[in-house]
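Visitor: Before I ask anything, here is the structure I am working with.
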Amino acid sequence: MQHPVKYEILHICKQTGARLGRVTTPHGSFMTPAFMPVGTQATVKGMSPEEVKEMGAGIILSNTYHLWMRPGNELVRKAGGLHKFMNWDRSILTDSGGFQVFSLATPKDIVEEGVHFRSHIDGSKHLLTPEKSIEIQNDLGADIIMAFDECCPYPSTHEYAARSQARTTRWLDRCLAAHKKADTQGLFGIIQGSMFEDLRKESAEAITSFDLPGYAIGGISVGEPAELFYKVLNCTTPLMPEDKPRYLMGVGTPDYLIEGAISGIDMFDCVLPTRLGRHGTILTDEGRKIVRDKKHEECFEPMDPGCSCYACQNYSAAYVRHLFKAGEIFGMRLATYHNIHFLLNLMERVREAIASDSLGDLRDEFFAKYAGARYNPYSGLER
C-alpha cells in the first residue's frame, strides 16, 4: 500500500544509535527527531501561526475531542479543513480524542463499542467510537491521524492492562475500516500495555502487524517514576519497525526528549512549553526558571541569557515579570514564545549531534547543567 506519509533515515548516530530522519506528508516535510507544539483548539496557545513557523516548527498537533465539541468537525470541513481554518500550511497531526474522553469517563463507561462521557463544556452525553474518531479526523483533514485506543490509567493491574491493550488492537482494526481518506491522511497505530513488558511486547506485535505509515507509544509519561518510564520505553522502541516513524506521545521535558531520541524515537509532543509559559515559568539549559518571582524584579538581563529567541533578544526578565504582575497577556506570550523556541532549538541541537555522532556528549553536557535531569539507566551508554 502506498502511504501518504513517508519516512527516511538520513543518518544513525555511531555513539548512541539515535536516528536522524525526515518525515514527508502532503503538506511538506520535517526533520526528526522533532518536537511538535500542541495547538489543542486549532491554535498554539498565545502564538500566531507565523510565530510558530519562524521558530522552525514543521508540524503541530491539534485535538480531535476539543474540535469535535467546539466548533464541530463539520464546520471545520466546510471551512476547507484544519489547515485552511487555522491558516497553517505545514504538517498537522491530530490525536484520536481518546485521552480526553477517558479522563471524563468512569470504568463502567468504557465498553466495546466505545466510550460514553459528558462534554466538559455543557455536560451533554456523547459516545466516542473508533469509527466516530476517524470520521472526525477525516473531516479535520490532518496529515497524520491517530487510531482510537484505550488509554490505560496508571497504576493498573496486569489483568486490566491486558484487556485494555487487546481492545486497542480490535479498535485499530475498526479504525482502518472506517478510514475514508487513506490516500491523503496517514493513520498511526498506538502501542499500549501499561507498565508490563510482556503486554508491551504483545501489543507491539499486534499493532505493527498492520501496514501503517507510523506507530506510536502511548500510556507512558502518565505519572509513573522516571525509571519505570525508561524501562517501558527501552523495551518497546526496539519492537517498532525501523523504516517507519516512531512517535512518543505526551512527552516534552528536555531530559526525556534527549533520552527518547537516544532510544530511537522520532516524534514528540507535549503541552508543557505553553502551559509553563502561561504561568510565568520558562525552560533553560539549567532547568526551569520562575520569571514572575520577586528576585527578577530588577533583572535587566534577558530571561535566558544567551538565548537567541525573539523574547530574550528584545525584553528583560524584569519587564516580563512586570507584565505578569500586571496581568498583561504579552507576558504570557513572551514566556510561551521562549519555551517553544527552546524545545525546538533543543531538538535542532539533538539532530546536529546525531549527524556528528556526538549525541551522547550532548546529553552529558546538557545533563551536567539541567536541574533534575534523569538519565536513562537502560541506554547502555557510558557516562
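Visitor: Pick out the one residue from VAL38, VAL76 that is among the aliphatic types (A, V, I, L, M) and either within 15 Å of ASP143 (Cβ to Cβ) or surrounded by fewer than 16 Cβ atoms within 10 Å (Cβ to Cβ) (or both).
Guide: Every option except VAL76 fails the conditions.
Visitor: Then there's this: Looking only at the range 30-44, which residues are of a type outside the set (A, V, I, L, M) and either free of Cβ contacts under 8 Å to residues at least 40 places away in the same chain or within 14 Å of GLY214 (Cβ to Cβ) (or both)?
Guide: PHE30, THR32, PRO33, GLN41 - these are the residues of the range 30-44 that are of a type outside the set (A, V, I, L, M) and either free of Cβ contacts under 8 Å to residues at least 40 places away in the same chain or within 14 Å of GLY214 (Cβ to Cβ) (or both).
Visitor: Looking at (1) in contact with a helix residue (DSSP H, G or I) (Cβ under 7 Å, 6 or more places away or on another chain); (2) open to solvent by less than 50 Å² (accessible area, probe 1.4 Å); (3) more than 26 Å from LYS289 (Cβ to Cβ), find the lone condition where ARG174 falls short.
Guide: For ARG174, the exception is condition (2).
Visitor: Separate question: Quickly run through the range 79-117 and pick out the residues that are buried (at least 20 other Cβ atoms within 10 Å of the Cβ), assigned to a loop (DSSP other than H, G, I, E, B) and modelled with pLDDT of 95 or more.
Guide: TRP88, ASP95, SER96, GLY114 - these are the residues of the range 79-117 that are buried (at least 20 other Cβ atoms within 10 Å of the Cβ), assigned to a loop (DSSP other than H, G, I, E, B) and modelled with pLDDT of 95 or more.
Visitor: Which of the residues spanning the range 237-281 are β-branched (Val, Ile, Thr) and either under 16 Å from LYS45 (Cα atoms) or surrounded by fewer than 24 Cβ atoms within 10 Å (Cβ to Cβ) (or both)?
Guide: THR237, VAL251, THR253, VAL271, THR274, THR281 - these are the residues of the range 237-281 that are β-branched (Val, Ile, Thr) and either under 16 Å from LYS45 (Cα atoms) or surrounded by fewer than 24 Cβ atoms within 10 Å (Cβ to Cβ) (or both).
Visitor: Would you pick out the residues in the range 177-195 that are farther than 24 Å from ILE220 by Cβ and either in contact with a Pro (Cβ under 8 Å, 6 or more places away or on another chain) or surrounded by 18 or more Cβ atoms within 10 Å (Cβ to Cβ) (or both)?
Guide: Matches in the range 177-195: ALA178, HIS179, ALA182, ASP183, THR184, GLN185.
Visitor: Checking the conditions here, which among ILE136, ILE121 is assigned to a helix (DSSP H, G or I) and of a type in the set (Val, Ile, Thr)?
Guide: ILE136
Visitor: Here's something else I'd like to know. I'd like to check something: does the range 55-63 contain any residue that is in contact with a helix residue (DSSP H, G or I) (Cβ under 9 Å, 6 or more places away or on another chain) and open to solvent by 60 Å² or more (accessible area, probe 1.4 Å)?
Guide: No, because not a single residue in the range 55-63 is in contact with a helix residue (DSSP H, G or I) (Cβ under 9 Å, 6 or more places away or on another chain) and open to solvent by 60 Å² or more (accessible area, probe 1.4 Å).
Visitor: Another question, if that's okay. Does LEU228 fit the bill of being touching a residue at least 40 places away in the same chain (Cβ under 8 Å) and either crowded, with 19+ Cβ neighbours inside 10 Å or not small (Gly, Ala, Ser) (or both)?
Guide: So LEU228 fails the test.
Visitor: Let me spell it out: the conditions are (1) more than 29 Å from ALA182 (Cβ to Cβ); (2) part of a loop (DSSP other than H, G, I, E, B); (3) hydrophobic (A, V, I, L, M, F, W, C), and PHE210 meets all of them except one. Which number is the exception?
Guide: PHE210 satisfies every listed condition except (1).
Yes or no, residue by residue, for (1) open to solvent by less than 20 Å² (accessible area, probe 1.4 Å); (2) more than 16 Å from GLY260 (Cα to Cα); (3) out of contact with any Leu (no Cβ under 6 Å at 6 or more places or on another chain):
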{"residue": "PHE330", "(1), (2), (3)": "no, yes, no"}
{"residue": "PHE342", "(1), (2), (3)": "yes, yes, no"}
{"residue": "MET347", "(1), (2), (3)": "yes, no, yes"}
{"residue": "LEU362", "(1), (2), (3)": "no, no, yes"}
{"residue": "GLU365", "(1), (2), (3)": "no, yes, yes"}
{"residue": "PRO377", "(1), (2), (3)": "no, no, yes"}
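The values are calculated or read from the model by the stated rules, or taken from the named source; none is laboratory data. What you see is a predicted model, and the numbers here were worked out from it, not measured in a lab. FYI the Cβ positions are ideal-geometry reconstructions off the backbone, even for glycines, and counts take in every protein chain you see. Surface accessibility is based on the protein's heavy atoms, side chains included, excluding ligands, DNA and RNA. Shrake-Rupley method; radii C 1.70, N 1.55, O 1.52, S 1.80 Å.
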